[in-house]
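Single-structure report; data block below.
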Amino acid sequence: MEAEAVTFPRIVACGDSALSVELSDRIDEALNDRVIALAETLTTDPLPGVEEVVPTYRSLMVVYDPSIIRGAVLTHELGKRLRGLEPSDVTARRFTIPVVYGGQAGLDLEELAAMKGFTPARLVELHSAAEYRVYMIGFAPGFAYLGGLPDILHTPRLATPRQRVEAGSIGIGGKQASINSVAGPSGWRFIGRTPLRLFDPDRAEPFLLRAGDRVRFRPVGQEEAAEIDGAVAAGRMIMEPA
Amino acid sequence: MIGLMVRQAGPMVTVQDLGRRGLQHAGVSGSGPMDAPSFRIANALVANAKGDAALEFAGTGGTFEVSRPVRFAVTGGAVGIRIDDKAVRPWESHDLFPGSTLVIGGLRNAVWGYLAVSGGIDTPPVLGSRATHLRSGLGGHRGRRLQAGDSLPLGDAVSSPHLCLCTPWRSAQRFIHVVPGPQDDYFDTQAWAIFLGQPFTVSAMRDRMAQMLDGPVLRSRRGHDIVSDGTAAGSIQVPGSGRPIVLMAERQTTGGYPKIATVASVDFPRLAQTPSGRDIRFRRVSRERAEDLLIAEKLALGDALANLAEKSAILDASGDHPQ
């Protein structure tokens with residue numbers, strides 16, 4: 001059966017206490033900017049009854065209390081905001097993330113380079129030359145989904161996921177790149193690790209990254225990584241955007 | 001300061017409060033109780049504030065002792081409870097003194113039980129909440145399920161008469177109400193007919209994160225991968241296997257499978273409390289209707305909590321002996 005065409009934007013129900021403002025069904029940088037800008041208006045100029053906003057690649061989930069604002073009214077209000085939406089005037093934060101490529105945490109580096117027909121060093125060069133965009137934080141606390149992976153590095157996920165991948169692992173899954181924030185199972189391919197902690201509940205600012213940030217990776221050696229590890233463990237390493 | 005000692009713990013006992021708020025954008029789902037009304041009733045029975053932390057257990061409770069006199073209540077379903085050799089009832093408050101042992105057995109016809117202790121469980125809040133988030137090891141007691149030997153601090157108790165919930169909070173109901181979407185249009189009329197027309201079996205593959213359903217296979221007409229979007233509590237996602245998965249309290253905050261529908265908030269705890277192997281049927285309702293049901297339930301719960309009966313009066317009236 002042929003699916004009928006869907007027109008965007010549209011606002012759809014996610015049950016009785018959340019709805020989704022969908023701008024597209026594809027990944028697109030300009031639309032992700034609009035998602036984040038809409039989220040910002042709801043943070044700076046809140047609507048009563050709105051409890052959470054969750055920006056994702058191409059849609060904004062809005063969690064609400066229907067005893068304060070009904071979904072139909074909220075849909076109307078969000079439609080108005082969307083029509084009058086100005087591009088965000090917040091300048092994107094830029095981070096440079098130190099990465100130890102290869103080794104224990106970069107299990108797939110050599111195989112991935114071999115698959116692509118170049119050396120591991122060339123792969124590192126390509127991966128660290130690109131600028132990435134944090135499209136969304138999702139799945140797990142602080143987990144960063146990155147766009148901007150060079151086409152040549154796009155690689156399907158593993159057929160069989162690994163049971164445990166460490167926090168800080170630098171991954172590639174299809175067209176996407178990731179920085180894993182917590183340890184857990186994953187079917188992505190991993191080429192290195194950052195000693196930085198994307199998520200640390202004991203820190204004044206527990207989450208390093210947020211949707212809309214830009215990220216570059218900087219290769220570091222074991223020695224520098226060990227220094228950063230020490231500083232992070234002592235709670236000193238608070239990364240500032242640069 | 002030690003308050004509640006765990007001598008034996010059931011397989012899944014965690015500290016929960018009403019959950020984390022406002023952090024889904026950072027990848028942290030709310031966690032909190034699988035059956036929030038039962039949790040709130042347990043706290044109210046011991047005069048705790050609604051946001052105080054209590055224990056949630058799956059199936060079997062455990063064996064507990066206290067280092068100071070407390071009042072406690074167990075809710076969630078029918079369950080055998082003993083203080084030393086004396087059997088006591090759920091859905092009402094009791095005293096527990098140092099030197100006595102509280103044993104909470106297995107729930108009958110329910111899955112999630114709650115043990116509230118006067119003063120509340122006073123573990124340190126993490127990201128604004130004491131709720132345990134097992135997958136990320138956050139909150140509660142060291143971010144994990146409880147085990148024998150754990151000791152939990154208790155907050156300051158408020159004195160109150162012994163209380164009891166006289167009328168059962170939840171009545172039997174044939175259907176789990178669902179609101180179509182957000183990806184209802186990924187499923188054609190045939191898939192919808194199956195979804196609403198045939199029973200699904202509550203699988204034993206279940207935890208605080210997700211509930212798997214057995215039964216007929218659901219096929220999306222536009223594939224089973226979407227560009228990941230937000231996942232509300234009760235989302236029914238359909239992966240490539242065609243077997244629906246309902247996302248529960250400790251779900252991931254985003255997901256890449258199409259979601260045919262979302263369980264109405266009032267029926268979320270009802271689904272959570274349905275024993276494994278039991279059949280359920282879905283019934284479609286509009287968002288407006290589901291909102292109406294939720295608003296009505298909020299009022300009804302407020303009434304129930306405000307009108308908990310003093311136990312001695314009830315027992316006297318029924319001719320029963322006060323315990």
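Structure above, values below:
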read-out: Candidates A:ALA30, A:ALA159, A:ALA144: whichever shows maximal mean-square fluctuation once chain A is modelled as a Gaussian network with Cα springs under 10 Å; value: A:ALA159
read-out: Inter-centroid distance (Cα atoms) of segment A:167-189 relative to segment A:69-97, Å; value: 28
read-out: Cα centroid separation - segment B:42-85 against segment B:157-211, whole Å; value: 24
read-out: Distant-in-sequence amide H partners of B:VAL88 (H built 1.01 Å from N, under 5 Å); value: B:ILE81, B:ARG82, B:ILE83
read-out: DSSP bridge orientation in segment B:175-300 - percent antiparallel, rounded to nearest 5; value: 80
read-out: Prolate/oblate/rounded label for segment B:175-300 (Cα gyration tensor, a/c 1.5); value: rounded
read-out: Separation in nanometres of the label points that stand 7 Å from Cα toward Cβ, at A:SER67 and A:ALA234; value: 5.1
read-out: Coarse-grained scattering of the protein assembly as shown at q = 0.11 Å⁻¹, given as base-10 log I(q)/I(0) from a Debye sum over alpha-carbon atoms; value: -1.06
read-out: Estimated [θ] at 222 nm from DSSP helical runs (n ≥ 4, -39500 (n - 2.57)) normalised by residues in chain A, nearest 500; value: -7500 deg cm²/dmol
read-out: Global form of chain B, assessed from the alpha-carbon gyration tensor, a/c cut-off 1.5; value: prolate
read-out: Sum of side-chain charges, B:GLU65 neighbourhood, beta-carbon under 12 Å (Lys, Arg +1; Asp, Glu -1); value: 0
read-out: Helix A:120-129 vs. chain A, principal-axis angle (Cα, 0 to 90°, nearest 10); value: 40
read-out: Chain A: relative contact order in percent, alpha carbon pairs under 8 Å with at least 6 residues between; value: 19
read-out: Segment A:94-233, relative contact order in percent, only Cα pairs under 8 angstrom and at least six apart counted; value: 34
read-out: For segment A:94-233, diffusion coefficient by Stokes-Einstein and Kirkwood Rh (Cα), 4 °C, 1.567 mPa s, µm²/s; value: 87
read-out: Efficiency of FRET from Cβ geometry, A:THR43 and B:SER67, R₀ 51 Å, rounded to 0.05; value: 0.70
read-out: Taking B:THR14, B:THR132, A:THR7 and counting other C-beta atoms within 10 Å, the order from fewest to most; value: A:THR7, B:THR14, B:THR132
read-out: Angle between chain B longest axis and helix B:36-45 axis [Cα atoms, degrees, rounded to 10]; value: 10
read-out: Within segment B:171-230: Cβ-based charge dipole about Cα centre, in debye rounded to nearest 20 (Lys, Arg +1; Asp, Glu -1); value: 180
read-out: Net charge, A:ASP202 excluded, C-beta distance under 14 Å - Lys, Arg +1, Asp, Glu -1; value: +2
read-out: Listed residues A:ILE69, A:ILE137, A:ILE191, most fluctuating in chain A (Gaussian network, C-alpha, under 10 Å); value: A:ILE69
read-out: Kirkwood Rh, angstrom, chain A [1 / mean 1/r, Cα pairs]; value: 19.4
read-out: Values of log10 I(q)/I(0), in the order q = 0.26 Å⁻¹, for segment A:10-83 under a Debye, Cα-only, solvent-free model; value: -1.27
read-out: Sites B:SER159 and A:ARG164 - FRET efficiency at Förster radius 60 Å, r taken between beta-carbons, to 0.05; value: 0.80
read-out: Förster radius 45 Å - calculated FRET efficiency between B:LYS50 and A:ALA130 (Cβ-Cβ, nearest 0.05); value: 0.40
read-out: Estimated inter-spin distance, A:THR96 and A:ARG122, nm [label 7 Å along Cα→Cβ]; value: 2.6
read-out: Global geometry of segment B:46-126, whether rounded, prolate or oblate, following the gyration tensor of its Cα atoms and the 1.5 cut on a/c; value: oblate
read-out: Mean separation of Cα contacts under 8 Å (6+ apart) over length of chain B, as relative contact order %; value: 20
read-out: Approximate spin-label separation B:ARG89-A:GLU86, in nm, with each point projected 7 Å along Cα-to-Cβ; value: 6.4
read-out: Cα long-axis angle, helix B:287-306 against chain B (0 to 90 degrees, to the nearest 10); value: 0
read-out: Full-extension gain in nm, B:SER312 to B:SER276, via 0.36 nm per residue minus C-alpha separation; value: 9.3 nm
read-out: MRE, 222 nm, helices only [DSSP H, n ≥ 4, -39500 (n - 2.57), over chain B, to nearest 500]; value: -4500 deg cm²/dmol
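Taken together, the values in this text are just the output of simple stated rules run on the coordinates, not laboratory data. All values reported here derive from a predicted model rather than from experimental measurement. Don't worry about glycine lacking a Cβ; one is built from the backbone with ideal geometry, like all the others, and counts go over all protein chains shown.
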